[in-house]
Amino acid sequence: MKILITGHKGFIGQNLTLYLQNDHELFGYEWQEDSLPEVEGFDWVIHVGAISSTTETNAEKLMKMNYEFTTDLIVKCLEMNIDIQYASSASVYGNSKTFKEGDDCHPMNGYAWSKYLVDRFVEETLAMGSLPINIQGFRYFNVYGKFEGNKGNQASPITKFKLQAVTDESIMLFENSDEYKRDFVCVDDICEVHEKMIDTEASGIFNVGTGNAVSFASIGEAIATKYGVTINHIAMPDQLRGSYQTFTEANIDQLSKHIDMKWTNVLDYINDV
């Protein structure tokens, strides 16, 4: 298939490019001010370009680059009859206790709001009835893996703790990290989901996670044991208080209706890589 990948130089975009390049004809696109990519002639657009920082406070920037660009791109794909996948985020759920696509969402920061508004736009578009294309939104849970280096402070704890272990010979954990649990999903699994869903006739918003939450403490302890370093506990920074998801765990019933996955266990990944 001929596929356009937006944000192809980013964390997930780089992984998708490597994952898909042997079996598909790929083209990359990076953000350009007031410009949409040309989509005519493509079989699919995979849109993973965005401001990914959960601490971004510039609402105008988030609306322009995350919401308006994405919805304009979806409209363009509708006009040109091009199927599209786009990256959403589990951050839309906020501090919910359940994580089903139809559940109420409680975005806790600007980034989460920008993703939620795109999902609302897609839901309203799909509700209009039969469409000529597939629109697939993927609510990624906490993604980790290769090429996280350019994410800086937004990298997963797997990557940050490993860097701390190697450079500082210690790991910094927030106090009460045994109570903070997330659904950590390997970027290789993310890529597999994208490719498998390309071959389905499905539209909608889908959770993409393992369905199993693991504590930050377990992650830190596994890395500390592997590298033989100590763990130090610190208070949560003020800028994270009130907007920090303490628990996520994907309900993947909707995704499982279309594809089968064998999810990577994050603790196995830490021990093997």
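Couple of notes before you dig in:
- When Gln14 is tested against (1) surrounded by 16 or more Cβ atoms within 10 Å (Cβ to Cβ); (2) outside any helix (DSSP H, G or I); (3) touching a residue at least 40 places away in the same chain (Cβ under 8 Å), only condition (2) is not met.
- Within the stretch 169-186, the set of residues being without any contact (Cβ under 8 Å) to a residue 60 or more places away in the chain and either in a strand (DSSP E or B) or hydroxyl-bearing (Ser, Thr, Tyr) (or both) comprises Ser177 only.
- Among residues that are touching a residue at least 24 places away in the same chain (Cβ under 8 Å), closer than 27 Å to Glu195 by Cβ and open to solvent by 30 Å² or more (accessible area, probe 1.4 Å), Glu25 is included.
- Here the helices (runs of 4 or more DSSP H) wholly within the stretch 187-273 that include at least 3 residues being charged (D, E, K, R) and either more than 21 Å from the chain's Cα centre (by Cα) or surrounded by fewer than 19 Cβ atoms within 10 Å (Cβ to Cβ) (or both) are 187-198.
- Only one of Ser218, Ser177 that is among the small types (Gly, Ala, Ser) and touching a Leu at 6+ places or on another chain (Cβ under 8 Å): Ser218
- Residue count for the stretch 245-273, restricted to those that are within 27 Å of Asn176 (Cβ to Cβ) and without any contact (Cβ under 8 Å) to a residue 60 or more places away in the chain: 4
- Residue in the stretch 45-52 that is out of contact with any strand residue (DSSP E or B) (no Cβ under 7 Å at 6 or more places or on another chain), more than 22 Å from Asp188 (Cβ to Cβ) and not hydrophobic (A, V, I, L, M, F, W, C) present: no
- Members of the stretch 51-80 found to be loosely packed, with under 13 Cβ neighbours inside 10 Å and not in a helix (DSSP H, G or I), listed by number: Thr57, Asn58
- Inter-residue pairs, beta-carbon under 6 Å, first in contact (Cβ under 8 Å) with a residue 12 or more places away in the chain and assigned to a helix (DSSP H, G or I) and in the stretch 100-118, second of a type in the set (Ser, Thr, Tyr) and open to solvent by less than 50 Å² (accessible area, probe 1.4 Å), 6+ apart: Ala112/Ser91; Lys115/Ser88; Lys115/Ser89; Val118/Thr70
- Residue within the stretch 137-152 that is surrounded by fewer than 22 Cβ atoms within 10 Å (Cβ to Cβ) and closer than 17 Å to Asp72 by Cβ present: no
- Test result for Ile171, buried (at least 18 other Cβ atoms within 10 Å of the Cβ), modelled with pLDDT of 95 or more and under 27 Å from Gly13 (Cα atoms): no
- Qualifying residue in the stretch 52-69 (condition: acidic (Asp, Glu) and touching a residue at least 60 places away in the same chain (Cβ under 8 Å)): no
- Screening Thr230, Thr225, Thr264 for residues that are in contact with a Cys (Cβ under 7 Å, 6 or more places away or on another chain) and more than 30 Å from Ile74 (Cα to Cα) leaves exactly one candidate, Thr264.
- Single unsatisfied condition, Asn95 versus (1) under 20 Å from Leu240 (Cβ atoms); (2) in a loop (DSSP other than H, G, I, E, B); (3) open to solvent by 70 Å² or more (accessible area, probe 1.4 Å): (3)
The values are calculated or read from the model by the stated rules, or taken from the named source; none is laboratory data. Keep in mind that this is a model prediction, so the values were computed, not measured. Positions of Cβ are backbone-derived with ideal geometry, glycine not excepted, and every protein chain shown enters the neighbour counts. Side chains are part of the model used for accessible areas, which takes the heavy atoms of the whole protein and leaves out ligands, DNA and RNA. Shrake-Rupley method; radii C 1.70, N 1.55, O 1.52, S 1.80 Å.
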